[in-house]
Amino acid sequence: MAKVYVFDHPLIQHKLAFIRDVKTGTKEFRELVDEVATLMAFEITRDMPLKEVEIETPVSKAKVKVLSGKKLGIIPILRAGIGMVDGILNLIPAAKVGHVGLYRDPETLKPVEYYVKLPSDLAERECIVVDPMLATGGSAIEAITSIKKRGAVNIKFMCLIAAPEGVELLKEAHPDVDIYIAGLDEKLNDHGYIVPGLGDAGDRLFGTK
Ligand code: URA
């Protein structure tokens, strides 16, 4: 069964408070999302495997640990997911970045894929699917289904804010995908917005309305 991690690190919580604040403008919002994504990437990579190598310090030989070369793929869901990519790349600059674009069909209200471009060796990578908001869960479920179809097997999902409804549906649809959240909120409102949430993540990141 999928595990759900809610990061209670004080720095993440502090920055998330300003991200939520309606008075926070686009520039600051973007910078804060970037910073929180970096802090979350630090936590999410805690289980990355290490290997021992020998080096020489100015004083003596030493056995030290380095990452054992596991490859990462960051997969933002367009468009708001893009806002979290650079923050992760700050820590893992060698990661490859794929994109999944989805829109909501106005009649069925179901997410429909319109763009997919992924690293070719997806099966060998640990994939982190990112979207700031896990609301109904529809986009996350569809994006993860889409990358599984193309070979991804080792997948984590990372978001800033989640609604309990979305977490439950995502866990049910993809029990093999652990979920990493900065803030687990109360509920969804009738318009599909997370309450209290932060509003429309894409609009706040890109300054649109
Ligand atoms: N997407 C957003 O950007 N905000 C929400 O509250 C829900 C979905």
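The values are calculated or read from the model by the stated rules, or taken from the named source; none is laboratory data. Values in this document were obtained by computation on a predicted structure and should not be read as measured data. Reconstructed Cβ throughout: ideal geometry from the backbone, glycine too, with neighbour counts over all protein chains shown. For the accessible areas, the whole protein counts, side chains as well, though only heavy atoms, and no ligand, DNA or RNA atoms are used. Shrake-Rupley method; radii C 1.70, N 1.55, O 1.52, S 1.80 Å.
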### Task
Scan segment 104-127 and report the pairs whose first residue is closer than 30 Å to SER68 by Cβ and whose second residue is assigned to a helix (DSSP H, G or I) and of a type in the set (S, T, N, Q), with Cβ atoms within less than 7 Å and a gap of 6+ or a chain change.
VAL116/SER146
### Message
For the list (1) open to solvent by 60 Å² or more (accessible area, probe 1.4 Å); (2) in contact with a Pro (Cβ under 7 Å, 6 or more places away or on another chain), I need the number of the one condition that MET84 fails.
### Response
(1)
### Task
Just need a number here: residues in segment 87-107 that are open to solvent by 80 Å² or more (accessible area, probe 1.4 Å) and farther than 17 Å from LEU32 by Cα.
7
### Task
Scan segment 162-191 for residues that are in a helix (DSSP H, G or I), touching a Leu at 6+ places or on another chain (Cβ under 6 Å) and either aromatic (Phe, Trp, Tyr) or open to solvent by less than 30 Å² (accessible area, probe 1.4 Å) (or both) and jot them down.
GLY166
### Query
Among all residue pairs at least 6 apart or on different chains, which show Cβ distances below 9 Å where the first residue, located in segment 192-209, is under 10 Å from THR26 (Cα atoms) and part of a loop (DSSP other than H, G, I, E, B) and the second is more than 6 Å from the ligand (Cβ to nearest atom) and of a type in the set (Val, Ile, Thr)?
GLY207/THR26
